[in-house]
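Just so it is clear, none of the values below were taken in a lab; they were calculated from the coordinates. Note that this is a predicted model, so its numbers are computed, not measured. Reconstructed Cβ throughout: ideal geometry from the backbone, glycine too, with neighbour counts over all protein chains shown.
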Ligand code: TXE
């Protein structure tokens, strides 16, 4: 592969189109000192933004949507040029879902973050009440990967802003111009100065952002880098949300609609050239349906056009980097060595220059094989078989990862039962891959697939700090547990343990005479 397709290590990063090797643009590699300055400016922007009304925040996010809509094709071309994905896929899988997420949080964050009264059981009988108020955190540092260079950081940015935070994004070194575009979108939308800033660079710039102690880090990428970030963030007690890899299983039972399941498997494994954290990386089909399903999958795969993302007839674009292509080659080689069969594909595309790997269907896969355990992140679809429901669940859960999964069956009761047994953050029945696009629902993984959640109510809660406000609405008597202690106090505390802590009003009435004695004792002192 030509050197032009590598990221060059100079004080600037040259972004190249992985489909053609052509330069897309150049950006600076921002130094650690400048990153610190950026975070300081972000903190200053936060001090005003945190006081804005939800209406003002909503107006900004909705204006940013308008900017995106007015530049939709230009943005989709940029995504396609930097990442290699088809132009149409950039619209379908990045722009449309993030626009939906933006309008949802713009319209609903206020309601979701409204101060809420909470039930405090018997303490309410003592005239107390409690409510939760949600405060913004401060500076949110967003470190995304290259596979969804617009939708992941932009969605997190919109949510962070709605919660009252300021944002610093360190985009992937493979897609820095899309990252800068996010800053430009908010600038055009009239965001206050320094509210959304973008620092371009590689891992060192990312590490500098973590070291600059923002209040939160939202990271998407590999497990190895996720661990490094968690360790570095711990020095400042910065909390992190980690969206790491996946090895997502698709389980197809004999009673499934095989035509649909085949289409879902082909899209789920090959869209974005297989570089989605929720890609179908392992397909388990019940023995009786294996032959028919495989035939359909191979036939559909044969008809897919691969090429430059600019061509609207292209379904499979280039891979994002040479490093990623090598991983796919190694995994396919391993499948071959271990005795699995390549049904179609299995090579770097010879007919095309650039980083293209043929969509590849493999049968005879076994969980013991390396590529059934490590994340491939490429256009491969390994197929294995199972006999029983229990075996399917066991095979699917035999992984260090647990991001998403899907279960295919016409028996919805079985589908739901199996779904709940799968160790994954998001499990679909008769659907595949796309739930990251539903911004209303929480996104995140079990096991090594991550920590914390993005999206949904749970994701919004990652971007605020809850404050408990507790009020003694009567406040005329001392509390029985105040100092000084005495034998009367100890008697009362026993009563608290036996009656009050039971949660029962009836039992607690037995405590009242003793409670009154103790309060009188305190008042006399
Ligand atoms: O990710 P990295 P890479 C998986 C996939 C892929 C592998 C490696 O299996 O093959 O990860 O991809 C920044 N401190 N996923 O190398 O290195 C870096 O600049 C702070 C799954 O691209 O994790 C980039 O912005 N930041 C995943 C981001 O981290 C650092 C999506 C991701 O880089 C840093 C992508 C450091 N020390 C890859 N080092 C998914 N869940 O979707 C690097 N970075």
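Could you work out, for the range 130-262, what percent of all Cα-Cα pairs fall into each 10 Å distance bin, beginning at 0 Å and stopping at the bin that holds the largest distance?
It works out to 12, 39, 26, 13, 9, 1, in whole percents.
Give the peptides 480-491, 511-522 in descending order of average Cβ contacts within 10 Å, highest first.
With the highest mean Cβ count within 10 Å placed first, the list reads 511-522, 480-491.
Multiply the residue separation of residue 77 and residue 50 by 0.36 nm, subtract the distance between their alpha-carbon atoms, and state the gained length in nm to one decimal.
Extending this stretch completely gives an extra 6.3 nm.
If you average over every viewing direction, what projected area does the convex hull of the Cα atoms of the range 193-307 give, in nm²?
10.8
Quick one: which of 447-456, 301-310, 333-342, 265-274 comes out on top by average Cβ neighbours within 10 Å, and what's the full order, highest first?
My ranking of the peptides, most packed first, is 265-274, 447-456, 301-310, 333-342.
Compute the projected area of the convex hull of the Cα atoms of the chain, averaged over all viewing directions, and report it in nm² to one decimal place.
Average projection, Cα convex hull of the chain: 29.1 nm².
Take the alpha-carbon centre of the range 191-240, take the same for the range 430-466, and report the distance between them in whole Å.
One Cα centre to the other: 19 Å.
If you line up the long axis of helix 512-524 against the longest principal axis of the chain, both from Cα atoms, how many degrees apart are they, to the nearest 10?
70
Compute the helix-to-body angle for 72-83: its Cα long axis versus the longest principal axis of the chain, expressed 0 to 90° and rounded to tens.
70
Report the equivalent ellipsoid semi-axes for the range 236-370 in whole Å, largest first, defined as the square roots of five times the eigenvalues of the gyration tensor built from alpha carbon atoms.
Taking √(5λ) for each Cα gyration eigenvalue gives 24, 21, 16 Å.
Which value in deg cm²/dmol, rounded to the nearest 500, describes the helix-derived mean residue ellipticity at 222 nm for the chain, given -39,500 (n - 2.57) per DSSP H run of n ≥ 4 and division by the residue count?
-12500 deg cm²/dmol, from helical runs alone.
Please compute the Cα-Cα pair-distance distribution of the range 1-109 with 10 Å bins starting at 0, giving whole percents from short to long.
Calculated over all Cα pairs of the range 1-109, the distribution is 13, 26, 32, 25, 4, 0 percent.
Report the convex hull volume per residue for the range 31-71, counting only C-alpha atoms, in Å³. Before the final figure, lay out each step's value.
Details: hull volume 3.0 nm³, N = 41.
Here the figure is 72 Å³ per residue.
Note down the relative contact order for the range 303-386 as a percent, whole number, built from C-alpha pairs under 8 angstrom at least six residues apart.
Answer for the range 303-386 is 27 percent.
Would you mind checking the tilt of helix 258-270 against the longest principal axis of the Cα atoms of the chain, expressed as 0 to 90 degrees and rounded to 10?
90
Give the peptides 116-123, 165-172 in descending order of average Cβ contacts within 10 Å, highest first.
Result, highest mean Cβ count within 10 Å first: 165-172, 116-123.
What percent does the relative contact order of the range 421-461 come to when contacts are Cα pairs within less than 8 Å and at least six residues apart?
This gives 33 percent for the range 421-461.
Which log10 I(q)/I(0) values, to two decimals, does the range 306-390 give at q = 0.11, 0.17, 0.20, 0.27 Å⁻¹ under the Debye formula with one point per Cα?
Cα-only, vacuum Debye calculation for the range 306-390: -0.32, -0.69, -0.88, -1.34.
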